[in-house]
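These notes are about the structure you will find just below.
The values are calculated or read from the model by the stated rules, or taken from the named source; none is laboratory data. Just so it is clear, the structure is predicted and the values come from calculations on it, not from any experiment. Cβ coordinates were reconstructed from backbone atoms using ideal geometry, including for glycine residues, and neighbour counts include every protein chain displayed.
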């Protein structure tokens, strides 16, 4: 059987007052056959943090289970919430360990969070590499198209509201060209007020 993959386009944007995350909703087998049209590719992992996911579905599911369970345990042991930096470091360790198995994990994430240090965005690569991003990033099969929109329209000091519109446009551009991305767009914000789903739109052929 073909591996079930999210195909995917995910986007993360750093704004002056928070982080914006966006993703499409299509899941495919082998990048060609549409398996599911309403997949959630953005997951809240704490009151002040959320992650996007791209890759093989089974690997994504295990990564999220391990991450959320460990964050809860660490919070209980330490008697405080986990910082964004602590969280992304542990997420990178999970990816690092999984990449060195006989059958390596194939999952990629963007992590957006807001704590005492302000809004922060990280990319967590399949090999465990963790990099902090100061502006924006896109992942998945539709990312080249999204980068084109982001490169031309991102500016320093973007508000969260402006970031939401830009993220939506970046994912929509990918859906127009990438067959493994489609069916809808979710947009989340991560601010001092927490994680909030601010947009969920179906994308029909008429919009493209």
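Remarks
- Filtering the range 62-80 for residues that are under 22 Å from residue 174 (Cβ atoms), outside any strand (DSSP E or B) and more than 15 Å from the chain's Cα centre (by Cα) leaves an empty set.
- Restricting attention to the range 16-54, the residues that are in contact (Cβ under 8 Å) with a residue 60 or more places away in the chain, out of contact with any helix residue (DSSP H, G or I) (no Cβ under 6 Å at 6 or more places or on another chain) and part of a loop (DSSP other than H, G, I, E, B) add up to 11.
- Qualifying residue in the range 189-207 (condition: under 16 Å from the mean Cα position of the chain (by Cα), closer than 30 Å to residue 58 by Cα and part of a loop (DSSP other than H, G, I, E, B)): no
- Only listed residue being under 21 Å from residue 109 (Cβ atoms), buried (at least 23 other Cβ atoms within 10 Å of the Cβ) and at pLDDT 95 or above, chosen from 154, 136: 136
- In this structure, residue 110 does satisfy being under 13 Å from residue 19 (Cα atoms) and either within 16 Å of the chain's Cα centre (by Cα) or touching a residue at least 24 places away in the same chain (Cβ under 8 Å) (or both).
- Those residues of the range 57-82 which are in contact (Cβ under 8 Å) with a residue 40 or more places away in the chain and buried (at least 16 other Cβ atoms within 10 Å of the Cβ), in sequence order: 57, 59, 60, 63
- Residue within the range 159-173 that is assigned to a helix (DSSP H, G or I) and within 17 Å of residue 55 (Cα to Cα) present: yes
- If only residues of the range 118-133 that are out of contact with any strand residue (DSSP E or B) (no Cβ under 6 Å at 6 or more places or on another chain) and either loosely packed, with under 15 Cβ neighbours inside 10 Å or assigned to a helix (DSSP H, G or I) (or both) are counted, the one that is modelled with the lowest pLDDT is 127.
- In the range 34-48, the qualifying residues are those that are within 11 Å of the chain's Cα centre (by Cα) and under 20 Å from residue 88 (Cα atoms), and the one that is surrounded by the fewest Cβ atoms within 10 Å (Cβ to Cβ) is 44.
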